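The values are calculated or read from the model by the stated rules, or taken from the named source; none is laboratory data. Bear in mind that the values here come from a model prediction, so they are computed numbers and not experimental data. Backbone-built Cβ (ideal geometry, glycine too); neighbour counts: all protein chains shown.
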Amino acid sequence: MRNARYFLWLSILLSILAGQGLLLAGDTSLRVYGQFRLGVSGDLSDSFDIASYDELFSNGAGFGLELSHRFIGGLDVLMGIGYVSQDGENLPDLSLNDWSTLPVYAGLRYHFREAGGGLDPYIRFDLGLGKISDVDFTRLGDTGRYWDSTWSALAGFGIGLEYRFSKLGLFLELKGQYLGAPETTEITDLQSADGSWSIPFNIGLAYYF
């Protein structure tokens, strides 16, 4: 929980910088994207003889919204929110509800070329929190709570490529993302669980004003 608080204060600071961009001259953009989460990995506990996230959940999909501002040189500050859902697997003796995450984050994006038209490669780094939904299970006719809803630390790093047409831009991004461990329940001991790693792939549209 202490790590989550550190992530929260850092993301708030970056969000303030991004919000100030609305009051400054320069490139400010609103970005909308769809996301495909390619796999999820990490160790859980030995609850129900399940050892890893990828045994419990399939690939995910979702969407997001970002506000960013070109702060100085090729550096953007940004803040965003999203939603991602992953299907729970139906195993021989165990089935799980879908798992959803609500990421709230701020970050930095560095462009390797000056603002303008054409191809624009960049790298990005995000910090924030992810609201993990509760997940129920069914096992041999019994139903219970596998883990509780909680806020966990969130961090990501990635690369992107945008093609800009004056006020509009089309972009692709590939990221590595870390999400902290879910909350333990009395039925399933997840105290020793690791956080999860995933590979989000984003495709979206940017509008500059």
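State all residues of the range 91-119 that are more than 24 Å from residue 155 (Cβ to Cβ) and touching a strand residue (DSSP E or B) at 6+ places or on another chain (Cβ under 8 Å); if no residue qualifies, say none.
Within the range 91-119, 93, 94, 95, 96, 97, 113, 115, 116, 117, 118, 119 qualify.
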Going residue by residue through the range 103-112, is there one that turns out to be among the basic types (Lys, Arg), without any contact (Cβ under 8 Å) to a residue 60 or more places away in the chain, over 17 Å from residue 83 (Cβ atoms) and touching a Ser or Thr at 6+ places or on another chain (Cβ under 9 Å)? yes
Looking for whichever is among the aliphatic types (A, V, I, L, M) and out of contact with any Asp or Glu (no Cβ under 9 Å at 6 or more places or on another chain) here; the options are 153, 106. Which one fits? 153
Which members of the range 194-209 meet the condition of being within 14 Å of residue 162 (Cα to Cα) and either in contact with a Cys (Cβ under 8 Å, 6 or more places away or on another chain) or small (Gly, Ala, Ser) (or both)? 204, 206
Sort out which residues of the range 122-165 are of a type outside the set (Ser, Thr, Tyr), in a loop (DSSP other than H, G, I, E, B) and at negative phi, and write them in order of number. 134
Pair list, Cβ under 6 Å, 6 or more apart: the range 51-62 residue closer than 16 Å to residue 133 by Cα, other residue modelled with pLDDT under 75 and assigned to a strand (DSSP E or B): none
Residue by residue through the range 114-131, note down the ones that are more than 17 Å from residue 206 (Cα to Cα) and either in contact (Cβ under 8 Å) with a residue 40 or more places away in the chain or of a type in the set (D, E, K, R) (or both). 126, 127, 128, 129, 130, 131
Scanning for something modelled with pLDDT of 85 or more and closer than 16 Å to residue 154 by Cβ, does the range 42-59 turn up at least one residue? no
So, restricting to strands (runs of 3 or more DSSP E) that lie completely within the range 74-115, which ones have at least 1 residues that are modelled with pLDDT of 85 or more? 75-88, 99-111
Filter pass, residue 176 being surrounded by 15 or more Cβ atoms within 10 Å (Cβ to Cβ), assigned to a strand (DSSP E or B) and at pLDDT 85 or above: no
